[in-house]
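For reference, the structure discussed in these notes is given below.
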Amino acid sequence: MIKWLNRKRATALFLLAFSCFSAQFRNGLHRIYMEEGQPVHLPSEYSFFVDEARRISGEIFYQDHQRSAGDNSSFNSLALIFFQNRTYDFLNTGFVIVPKMNSTMMGKPIATVPVLNNNTWKARPGMVDFDNYDPRFNAANFMYMFIRLNMTNEQVLAHFLNMMDLPYDSKVSKYVQLVREVGKANKISLNEKVDEFQPGLLTRLCKEINTKTGGTECTIPLYKTYIETPDEEKTRKNIDTFYRSLAIGGVQEMTNEYLLPRGDLEITQKDVQLQLPDAFFYAGKKNDHSGVAFYINKIEQQLTYDFEKKTYILVFRVTPYDNSLSSDFRFSGEYFDMLKGKNQTGEIEVKKDELKSLEFSLYPDKMEVRVNMRKKGNQSDSRYLIKNTFKIKKNNP
């Protein structure tokens, strides 16, 4: 007889979106999801999230698991099994996940929920180790950018030459000027008396720089010469300027889209509801306990980094099944008023066919929630911040 735990606070399907399944078949989800001792692809700031994931995975079982994986992605198909009419409060914030009891086992009600899970990490395997990775380390960001663009050292050197702006009456070439400036900035002496039209010139320059500096990446001395400044933000802008003609987006986009992981979890049937907290979402009057809810179709997750706020943000976007919202609802929200040019607060009404998704921004110490609405006709979609910050209570028993 299986002994079940009775904890009510859990993260359930939100946490599963970061799954790293093994190919083995075991009944307990905790054996294949965030297993103790296995690497977790999240920074240490989210250890509370990992702890909660491991707790709740002890209460969920699975069957019919199929998996495929490559260097940068994985796919999982399986059915989750929930027992005894359980409900799960996401990090004790009032957003409650309710699996629909649709079967029985040994005379007890269970929910069998088929799901499809995808995980993607575009960065090369081993490139980002969260024990050592710092998103604000700009020398590494400079290197990541040309690795992402699949450029060689010689191509990066050539781009430095192309970016140089010499006076029209300069008595030296761009190559000589670059050699002199790199030598001065790095306190080394480089040979400037060369045939600039000879094949392999940049390869030889790269080798010479490495020899003189004792390094292995000849582009770093050029980075120190032309891009690095004492100001971290200015340096990051210099990186963006250097790569602007070669790439769409800069360090911010590269970090979120290339260096940090993402995934999604699709619930293939209307088997799981998300109940919204009555204190903030109401069909009639505020706190009327009307039970606004919808069936979850997909949960998309992405780890991001905000350079302005200097913090990671773990973002979950929850998309409902069409026409599954229980009723129209209202909430107090914040939005940017284009006419007044500032943020405004007001009561926002959402019709049953207007809800596009809920977006949960999980910080290391709090959570913000946004409502994304689709509009009809020629109106653009809208996005509203819930006028409440949800505090995260860590290390709850």
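The values are calculated or read from the model by the stated rules, or taken from the named source; none is laboratory data. Given the structure is predicted, the values throughout are model-derived calculations rather than measurements. Backbone-built Cβ (ideal geometry, glycine too); neighbour counts: all protein chains shown. To get the accessible areas, we keep the full protein, side chains included, count just its heavy atoms, and leave off ligands, DNA and RNA. Shrake-Rupley method; radii C 1.70, N 1.55, O 1.52, S 1.80 Å.
Quick look at the numbers
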item: Tally of residues being more than 24 Å from E257 (Cα to Cα), assigned to a strand (DSSP E or B) and in contact with a Leu (Cβ under 7 Å, 6 or more places away or on another chain) across the stretch 290-333; result: 5
item: Selected residue (criterion: nearest to M145 (Cα to Cα)) from residues of the stretch 207-221 that are of a type in the set (A, V, I, L, M, F, W, C) and part of a helix (DSSP H, G or I); result: I220
item: Of all residues in the stretch 250-293 being among the polar types (S, T, N, Q) and surrounded by fewer than 16 Cβ atoms within 10 Å (Cβ to Cβ), the one that is modelled with the lowest pLDDT; result: N287
item: Hits in the stretch 150-174 (condition: open to solvent by 50 Å² or more (accessible area, probe 1.4 Å) and touching a residue at least 12 places away in the same chain (Cβ under 8 Å)); result: E154, M163, K174
item: Close pairs from the stretch 86-101: first within 19 Å of S357 (Cβ to Cβ), partner assigned to a loop (DSSP other than H, G, I, E, B) and aliphatic (A, V, I, L, M), Cβ under 9 Å, at least 6 apart; result: L91/I392; T93/I392; G94/L276; G94/A279; F95/L276; V96/L276
item: Residue list for the stretch 183-206, restricted to those being under 22 Å from I147 (Cα atoms) and surrounded by 17 or more Cβ atoms within 10 Å (Cβ to Cβ); result: L202, L205, C206
item: Residues of the stretch 222-254 classified as of a type in the set (V, I, T) and outside any helix (DSSP H, G or I), total; result: 3
item: Pick from the stretch 302-318, criterion within 16 Å of V371 (Cα to Cα) and open to solvent by less than 40 Å² (accessible area, probe 1.4 Å), ranking: farthest from the chain's Cα centre (by Cα); result: V318
item: Single condition P125 does not satisfy, out of (1) in contact with an Asp or Glu (Cβ under 6 Å, 6 or more places away or on another chain); (2) modelled with pLDDT of 90 or more; (3) part of a loop (DSSP other than H, G, I, E, B); result: (2)
item: Those residues of the stretch 344-390 which are open to solvent by 70 Å² or more (accessible area, probe 1.4 Å) and modelled with pLDDT of 85 or more, in sequence order; result: T345, E347, E349, K351, K352, K356, D365, R374, R383, K387
item: Filter pass, L325 being closer than 26 Å to E45 by Cβ and not hydroxyl-bearing (S, T, Y); result: no
item: Any chance I209 is hydrophobic (A, V, I, L, M, F, W, C) and buried (at least 19 other Cβ atoms within 10 Å of the Cβ); result: yes
item: First in the stretch 193-209 and under 15 Å from V156 (Cβ atoms), second anywhere and modelled with pLDDT of 95 or more and part of a loop (DSSP other than H, G, I, E, B), Cβ under 6 Å, 6 or more apart; result: C206/C218; I209/C218
item: A140 aliphatic (A, V, I, L, M), open to solvent by less than 40 Å² (accessible area, probe 1.4 Å), more than 20 Å from L190 (Cα to Cα) and not in a loop (DSSP other than H, G, I, E, B); result: yes
item: Residue match in the stretch 186-199 (condition: part of a helix (DSSP H, G or I), of a type outside the set (A, V, I, L, M, F, W, C) and out of contact with any Leu (no Cβ under 7 Å at 6 or more places or on another chain)); result: yes
item: Residues that are farther than 21 Å from N210 by Cβ, among the charged types (D, E, K, R) and either at pLDDT 95 or above or within 32 Å of the chain's Cα centre (by Cα) (or both), drawn from the stretch 132-188; result: D134, R136, R148
item: Members of the stretch 327-341 found to be farther than 16 Å from R383 by Cβ and out of contact with any Lys or Arg (no Cβ under 6 Å at 6 or more places or on another chain), listed by number; result: S327, F329, R330, L339, K340, G341
item: The stretch 104-132, subset within 27 Å of Y46 (Cβ to Cβ) and free of Cβ contacts under 8 Å to residues at least 12 places away in the same chain, residue most open to solvent (accessible area, probe 1.4 Å); result: N132
item: Every pair of residues 6+ apart whose Cβ atoms lie under 6 Å, when the first sits in the stretch 300-324 and is more than 14 Å from D264 (Cα to Cα) and in contact (Cβ under 8 Å) with a residue 24 or more places away in the chain while the second is open to solvent by 40 Å² or more (accessible area, probe 1.4 Å) and in a loop (DSSP other than H, G, I, E, B); result: Y321/K270
item: Restricting the stretch 57-88 to residues that are surrounded by fewer than 18 Cβ atoms within 10 Å (Cβ to Cβ) and among the charged types (D, E, K, R), the residue that is modelled with the lowest pLDDT; result: D71
